[in-house]
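Asker: This is the structure I have questions about; it appears just below.
The values are calculated or read from the model by the stated rules, or taken from the named source; none is laboratory data. As the structure is a computational prediction, the values presented were derived from the model and not from experiment. Heads up, the Cβs are rebuilt from the backbone with ideal geometry, glycines too, and the neighbour counts pull from every protein chain shown. Note: areas computed on protein heavy atoms with side chains; ligands, DNA, RNA excluded. Shrake-Rupley method; radii C 1.70, N 1.55, O 1.52, S 1.80 Å.
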Amino acid sequence: MNTLKSLAILGIIVFLSSCGGGSSSTESTEAPKEEAQPAAEVVAVSDSISLEIEANDQMQFNKEELKVTAGQVVTLTLKHTGKMPKEAMGHNWVLLASGTDVATFGTSAVSAASSGYVPQDKLDQVIAYTKVIGGGEEVSITFEAPKAGYYKFLCSFPGHWGVMQGDFVVSPK
């Protein structure tokens, strides 16, 4: 919507500036071409979003809800604000596909230590995930937001999924 407003304003400016002096028509045809490129750049920026979420030594995320728009390129950064090592209090961030049973996924993650507590036989239920990190560490991932709807995210480190989860809300374009 902002892009349409920007283009409309740009069109009005070009129209008003070309109405003024009866000078050569090449000036008015060149101006829109030069000014149309920044509008395209604005669209590219609005198609991406950076999110940050923190996890601590008390098995808590600092956010219970994250919001994006369908199709956006999402860069998510997980920061572990605690001090404990990943072997004792590791955290990851896993975005589950719509309809995935959180309890079943979390329970099966316990036996998936070799794959960062993301069960390889359940990858069809995962949209995106980070590696496990310890206190003072951070990790970023980039993925495309799924279609509009409500999704769950969680930490799949053993025993964490029950309290470390939230909603990933995807609005339509």
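Asker: Quick check on my filter: what residues within region 122-141 are in contact with a helix residue (DSSP H, G or I) (Cβ under 8 Å, 6 or more places away or on another chain) and among the acidic types (D, E)? Give the derivation first.
Answerer: So the first thing to find is which residues in region 122-141 are in contact with a helix residue (DSSP H, G or I) (Cβ under 8 Å, 6 or more places away or on another chain), and the list is 122, 125, 132-135, 137.
Passing the criteria: only E137.
Asker: Please list, ordered by first then second residue, the pairs with beta carbon atoms under 9 Å, 6 or more apart or interchain, first in region 144-155 and of a type in the set (F, W, Y), second open to solvent by 70 Å² or more (accessible area, probe 1.4 Å) and assigned to a loop (DSSP other than H, G, I, E, B).
Answerer: Y150/S98; Y151/S98
Asker: Please go through region 149-164 and give me each residue that is open to solvent by 50 Å² or more (accessible area, probe 1.4 Å) and assigned to a strand (DSSP E or B), ordered by number.
Answerer: Y150, K152
Asker: D101 - would you say it is of a type in the set (D, E) and without any contact (Cβ under 8 Å) to a residue 12 or more places away in the chain?
Answerer: Values: of a type in the set (D, E): yes; without any contact (Cβ under 8 Å) to a residue 12 or more places away in the chain: yes.
Here the answer is yes, as D101 does meet what is asked.
Asker: Can you tell me which residue among S114, S171 is within 17 Å of E65 (Cα to Cα) and among the hydroxyl-bearing types (S, T, Y)?
Answerer: Values: S114 fails: within 17 Å of E65 (Cα to Cα).
Going through S114, S171 in turn, just one is within 17 Å of E65 (Cα to Cα) and among the hydroxyl-bearing types (S, T, Y): S171.
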